[in-house]
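Below is one structure, written out as structure tokens; comments come after it.
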Amino acid sequence: MIIAPSVLSFDYDKFNEEIEVLNKKAEFLHFDVMDGHFVPNLSFGPEILKAFRRSSNLFMDVHLMVDDPAYFSEVFIKAGADGITFHYESLNDIIKCDRLIDAIHKKYIKVGISVKPGTDIEVIKPLLDRVDIVLVMSVEPGFGGQDFIQDSYTKIMYLNKYRKEHDLKYLIEVDGGVNDKNAHELLQSGADILVAGSFVFKGDINNNLDILRKCK
């Protein structure tokens with residue numbers, strides 16, 4: 001299990017205290033980048049990532065919810081990203097997606113692909129042998145604190161089955177509504193990476209991370 005706390009819920013008034021705990025108990029830090037166009041919300045720019053990069057050696061996992069993933073991937077790679085995940089819907093074209101995957105890989109950065117909950121997972125099947133991560137959105141992208149979409153289990157199981165049948169190596173990441181009530185079932189369904197924001201950062205993050213770790 002890889003735990004990827006989402007810094008969208010991070011308490012920046014407690015930066016030093018919280019980053020110390022994350023450095024000890026997480027593997028990834030997850031950055032939800034929103035441009036106010038692809039999704040109806042804004043989050044943060046590359047300076048936030050740079051600040052975390054100066055304070056952590058964790059894998060910097062950048063999730064682009066933007067209209068122009070080619071531009072933003074360049075910006076966040078320069079800021080210190082280790083992985084870039086973008087949405088199929090932002091390009092809506094397999095050839096364009098394939099070209100962006102290739103461009104990111106050429107910079108020795110891991111690449112992920114994602115779709116919104118209402119998009120058929122089948123549309124990204126031609127890309128599954130090219131990516132390092134497949135991100136299953138278990139809430140509508142753009143806002144934190146939403147309820148988990150139950151149909152996400154079906155997508156995870158499909159991706160896990162396809163991975164085994166075709167001997168592929170991508171990791172399955174789940175983002176949205178992840179907590180101690182569903183983490184075990186998510187892992188049993190085939191998930192490898194759990195993105196958790198609200199659950200981790202509300203209350204004692206040290207204890208919350210321990211609770212999540214025990215769900216495996």
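None of the figures in this text is laboratory data; all of them are computed from the coordinates on show. Since the structure is predicted, the reported quantities are computational estimates derived from the model, not experimental observations. Neighbour counts run over all protein chains shown; Cβ positions are idealised from the backbone, glycine included.
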Taking a straight Cα-to-Cα line shorter than 19 Å from residue 50, and setting aside same-chain aspartates and glutamates fewer than 8 residues away, one finds 11, 13, 17, 18, 20, 27, 32, 35, 61, 74, 82
On a straight-distance basis, which aspartates and glutamates could pair with residue 155 in a cross-link, Cα separation under 12 angstrom, same-chain partners fewer than 8 positions away excluded? 120, 122, 173
Per the charge dipole of the chain (beta-carbon charges, Lys/Arg positive, Asp/Glu negative, Cα centre), the residue among 56, 179, 198 reaching farthest to the positive end is 56
At the level of C-alpha centres, the distance separating segment 50-125 and segment 186-216, in angstrom, is 23
Over the chain, with a single point scatterer placed on each C-alpha, what log10 of the ratio I(q)/I(0) does the Debye formula yield at q = 0.11, 0.12, 0.13, 0.14 1/Å? -0.47, -0.57, -0.67, -0.79
Straight-line reach only, C-alpha to C-alpha below 12 angstrom: list the aspartates and glutamates that residue 24 could link to, leaving out same-chain residues fewer than 8 apart. 210
For segment 26-112, what is the largest minus smallest coordinate of the Cα atoms on each principal axis, given in angstrom and ordered from greatest to least? 37, 30, 21
What is the spread of the Cα atoms of segment 126-174 along each of their three principal axes, largest first, in whole Å? 35, 18, 15
